[in-house]
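In what follows, a single structure is set out as structure tokens and then discussed.
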Amino acid sequence: MQAVILAAGLGSRLGNLKGDKPKAFLQPKGLTQSLIERSIGILVSFGIVDIVIGTGYKSEYFENLKISGVHLSTCKNPLFDSSGSSQTLQTLKDKIHEDFLLLESDLLYEKRAIQELLDDCRRDLILGSGRSDSGDEVYLEINQNQCLNALSKDKTKLKSIDAELVGISKISYESFLHFDFHSKDYEELLIGFEVLKIEDLVWCEIDCKEHLERAEKSIIPKLLQ
């Protein structure tokens, strides 16, 4: 199995907190690695060593990233500053050749997230969580068959709030080949996939100052326990 990390974004909401690097290279207080190095380390611990990174902003940082025992390849979305994550995923089509885990680059998460996705026999699966109170949630509406009906940051656009999107999914190669990349955001491509909900999952994304503060105060201490 491969892993695909979407890392093309500008990270503008973090401002100077990320310095001159992509936000994936942010190293919050309490961690000994950057977000992306920690994420890759978790993937490697499960034997996933073929990792593809979709880049854009400051792509050279990813191109120069070397981790022993890992085959890292990158592909830059030339329209990263005007397109979306769906376009970034599409640019990786020649580098993806089997089932893969799809991850966002700005995530902090416990190893259980990967473990439970890999242990589940379903090949197309979205990871969801319980309530996070992060302030920037993507809510999931799930039907009676445990499949994703719709998703939105606006609760009023959904019939029910059944989980929150974590930003890690398992995608079969066959499903990937049938994506039509019609939407700006990759999440829209996953509508119809089944959802695996881990109610008490410890995780967060870091997309702004408030997210970083929450990660350092609340999430990292739990991850280090």
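The values are calculated or read from the model by the stated rules, or taken from the named source; none is laboratory data. If you're wondering where the values come from, they're calculated on a predicted model, not measured in any experiment. Note that each Cβ is placed from the backbone with ideal geometry, even for glycine, and that neighbours are counted across all protein chains shown. Each accessible area value is taken on the protein alone, full model and side chains, heavy atoms only, with ligands, DNA and RNA left out. Shrake-Rupley method; radii C 1.70, N 1.55, O 1.52, S 1.80 Å.
Give me the one-decimal nm value for the distance between modelled label points at E210 and S45, 7 Å along each residue's Cα-to-Cβ direction.
Those two pseudo-labels are separated by 3.0 nm.
Using alpha-carbon pairs under 8 Å, 6+ residues apart, how would you state the relative contact order of region 51-145 in percent?
Result for region 51-145 is 21 percent.
At a 1.4 Å probe radius, carbon and sulfur cover how many percent of the accessible area of the chain?
Reported share for carbon and sulfur atoms: 46 percent.
Could you size up the charge dipole of the chain around its Cα centre, putting +1 on the beta carbon of Lys and Arg and -1 on that of Asp and Glu, and report it in debye to the nearest 20?
That gives a dipole near 540 debye.
Would you calculate a helix-derived [θ] at 222 nm for the chain, using -39,500 (n - 2.57) for each DSSP H run of n ≥ 4 and dividing by the full residue count, to the nearest 500?
The helix contribution divided over the chain gives -5500 deg cm²/dmol.
Using +1 at the C-beta of Lys and Arg and -1 at the C-beta of Asp and Glu, which of T156, Q90, L10 has the Cα lying farthest in the positive direction of the dipole of the chain?
L10
If you take the Cα Rg of region 1-113 and divide it by 2.2 N^0.38 Å, with N the number of residues, what do you get?
Normalised Cα radius of gyration, region 1-113: 1.01.
Provide the percentage of antiparallel DSSP beta bridges, counting only those with both residues in the chain; round to the nearest 5.
45
Heavy-atom accessible area per residue, region 76-160, 1.4 Å probe: how many Å²?
50
Take the Cβ-Cβ distance between E60 and E98 as r, set R0 to 35 Å, and report the resulting FRET efficiency rounded to the nearest 0.05.
The formula returns an efficiency of 0.80 here.
Once you have all Cα-Cα distances for region 99-164, histogram them in 5 Å bins from zero and send the whole-percent values.
Taking every Cα pair in region 99-164, the percentages come to 3, 15, 24, 24, 21, 11, 2.
Can you give the Kirkwood hydrodynamic radius for region 115-199, in Å, rounded to one decimal and based on Cα pairs?
This gives a value of 13.2 Å.
Give me the dipole magnitude in Debye, nearest 20, for region 133-179 about the Cα centre, with unit charges on the beta carbon: positive for Lys and Arg, negative for Asp and Glu.
For region 133-179, the charge dipole is close to 160 debye.
Provide the gained length on full extension for the span S73 to H178, in nm with one decimal, where the gain is 0.36 nm per separating residue minus the Cα-Cα distance.
Fully extending the segment from S73 to H178 adds 35.5 nm.
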